[in-house]
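Chemist: Below is a structure I'd like to ask you about.
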Amino acid sequence: FTSGSTGVPKGVVVSHRSVIDFIQHFTDLFHITQDDVIGNQAPFDFDVSVKDIYSALKTGATMEIIPKKLFSIPTGLLDYLCDRKITTAIWAVSALCIITTLKGFTYRIPSHLNKILFSGEVMPVKHLNIWRSYLPDALFVNLYGPTEITCNCTYAILPDRDFAPDEVLPIGRAFPNEKVFLLDERDALVTEPGQAGELCVSGTALALGYYADPVRTAQAFTQNPLNPNWYERIYRTGDLARYDENGNLFYIGRKDFQIKHMGHRVELGEIEAAAMRCDDVSRACCIFDAEKQRLHLFYTGSCEKAALLTALKANLPPFMQPNTVQQLDELPTNKNGKIDRTALAALTKKGARK
C-alpha cells in the first residue's frame, strides 16, 4: 500500500520479478551481507519493509522486528538497537528524527550501527548532522522512490561531511535496473541543470498497477511520450526534481505542493526549509488551503513563535509568509511514519491562530 500522505492509500501490485531485480542491486550497492543485523521499523504492508525482509532472505542477514511501541520511547529503542547489535537501519525519516529530537544519543550510542538508509520524506539537514556526529564512520544513504516503482529508484551515498543549514540533500542517481528521467510540462525531456521536471521511471521496477483500479492505473502508468516506436510503459511520480552540473538529481517537491498564491508559484517545501533553518525548530510542515488561499505552518521545537515569525520575514518574500503559525508538541504521523498532512489540514479548520 502507498503511504497515503497525499491522499487515500492505494493497493499497489508489485511483481516478484521487480523485487528480485531490485534486491539484487540493493544488497550489492550497500554491502549487506550475512553478518548484518537489520532493524525492521516499517510495518509489513508498507514497501519499506520489502528492503528489510528480502535483503535478509537474499543474503542470510538477521532481521530483528523492532516493537512499534519503542518508537515513542527513545531510551527503550536505543537499548534495543545496542543490545541486539543492530548494524543496518532502513527507516522512514520520522523514525530517525525521533531519536535526535529527544536527544537520545546523550543516553546511549548504538555503536554497531554502520548503515543508515532513509526515505519517505526530506531528511532535515540538522538531524542528519547530529546522526553523523555520533556515528561518523557509518554509511548514510538518501533513498528516493514511490511504492509504484518497487521501493526506490534513486540513491545518493552521502559524503562524509556536515551539510550547511540551507543545503539540499541529493537523491542521486538511478538504481542499475531502472531508467529515471525528467519531463517538462510539454512532455519534453529535461536535461539542463537547474531546470525542474516531473520525475518519471521506466524499467522492470514498475508495478503492475493499482489493485482493482484500472482507471487510476491508466492515469499514472502511461506510454513514454519520448518513444513513438513501441510500447514502453512509464510511471509518472508526480514529483518535481532537477539536475545539478554533475548529473545528480535533487528533489524539489510534489507537484501537488507547488501552489499558486498571490499570483506567485510557491513551493511549500521552501517555506518548511526556511522554518527548519531556525535552530530551535525540530520539524516543520506547511499546508495550503486552496479554497481560502491561506498558508498554514505547523512546527515542533522550543522556538518561540515570535522568533520564528521574525526569521521567516527575514528569509521569505511577503507572498510566502504563512497566514498562521502553530506550535505542536509533535507533528501527526500516519501508520507508516510519514507526516500526516490530512490531519494537519483538519487542524486548520479549527482555526489555528497566528
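Chemist: Please compute one quarter of the surface area of the Cα convex hull for region 159-240 and express it in square nanometres.
Modeler: Directional mean of the projected Cα hull area for region 159-240 stands at 7.8 nm².
Chemist: Hey, another quick one. Tell me which DSSP H helices of the chain clear both cut-offs, 24 Å or more of axial length from alpha-carbon atoms and a mean Kyte-Doolittle hydropathy of at least -1.0.
Modeler: Span-like helices here: none at all.
Chemist: Quick one: which residues, 5 or more positions from I171 or on another chain, have an amide H under 5 Å from its amide H? H modelled 1.01 Å from N in the peptide plane, none for Pro or chain starts.
Modeler: Correct list: L249, F250, Y251.
Chemist: Would you please give the residues with an amide H less than 5 Å from that of V190, counting only those at least 5 places away or on a separate chain, with H modeled from the backbone geometry?
Modeler: L182, L183, D184
Chemist: Right, another one. For region 161-174, in order, what is each residue's ³J(HN,Hα) by Karplus, 6.51 cos²θ - 1.76 cosθ + 1.60 with θ = phi - 60°, in whole Hz (x at glycine and Pro)?
Modeler: Couplings: 6, 6, 9, 5, x, 9, 7, 9, 6, x, 9, x, 10, 6 Hz.
Chemist: Let me ask something additional. Once R0 is set to 22 Å, what does the formula 1/(1 + (r/R0)^6) return for the Cβ-Cβ distance between V168 and N315, expressed as a FRET efficiency to the nearest 0.05?
Modeler: With R0 = 22 Å, the Cβ-Cβ based efficiency is 0.90.
Chemist: Also: Using a 1.4 Å probe over the heavy atoms of the protein chains, calculate the carbon and sulfur portion of the accessible area of region 157-244 as a whole percent.
Modeler: 53 percent
Chemist: If you consider only alpha-carbon coordinates, what radius of gyration and Dmax does region 1-139 have, in Å?
Modeler: Rg, Dmax (Cα atoms, Å): 15.0, 44.
Chemist: Check each of the chymotrypsin sites (Phe, Trp or Tyr not before Pro) in region 121-169 and keep only those in coil by DSSP with at most 15 other C-beta atoms within 10 angstrom; list them in order.
Modeler: Filter output for region 121-169: empty list.
Chemist: Continuing with the same structure: Send over a whole-number figure in Å² for the accessible area per residue of the chain, probe 1.4 Å.
Modeler: 47 Å²
Chemist: A follow-up question, please. So, by mean Cβ neighbours within 10 angstrom, what's the order for 329-337, 280-288 with the highest one leading?
Modeler: Output ranking for 329-337, 280-288: 280-288, 329-337.
Chemist: If amide hydrogens are placed 1.01 Å from N in the peptide plane, which non-local residues have theirs closer than 5 Å to the one on G197?
Modeler: Answer set, sorted by chain and number: A241.
Chemist: Additional query: Which of the three applies to region 226-309, rounded, prolate or oblate, going by the alpha-carbon gyration tensor with a ≥ b ≥ c and a/c under 1.5 meaning rounded?
Modeler: Verdict is prolate for region 226-309.
Chemist: For every other residue with a beta carbon closer than 10 angstrom to the beta carbon of V14, add +1 if it is Lys or Arg and -1 if Asp or Glu, then tell me the sum.
Modeler: Once all neighbours under 10 Å are counted, the net charge is -1.
Chemist: Taking all protein chains as present, what is the carbon and sulfur share of the accessible area of region 264-354, in % to the nearest whole number, probe 1.4 Å?
Modeler: Answer for region 264-354: carbon and sulfur cover 47 percent of the accessible area.
Chemist: Hey, if you drop one equal point scatterer on each alpha-carbon of the chain and run the Debye formula without solvent, what base-10 log of I(q)/I(0) do you get at q = 0.07, 0.13 Å⁻¹?
Modeler: -0.30, -1.10
The values are calculated or read from the model by the stated rules, or taken from the named source; none is laboratory data. Quick caveat, the model's predicted, so the values are computed rather than measured. Cβ atoms come from the backbone with ideal geometry, glycine included; neighbour counts cover every protein chain shown. What goes into the accessible areas is simple: the full protein's heavy atoms, side chains included, and nothing from ligands, DNA or RNA. Shrake-Rupley method; radii C 1.70, N 1.55, O 1.52, S 1.80 Å.
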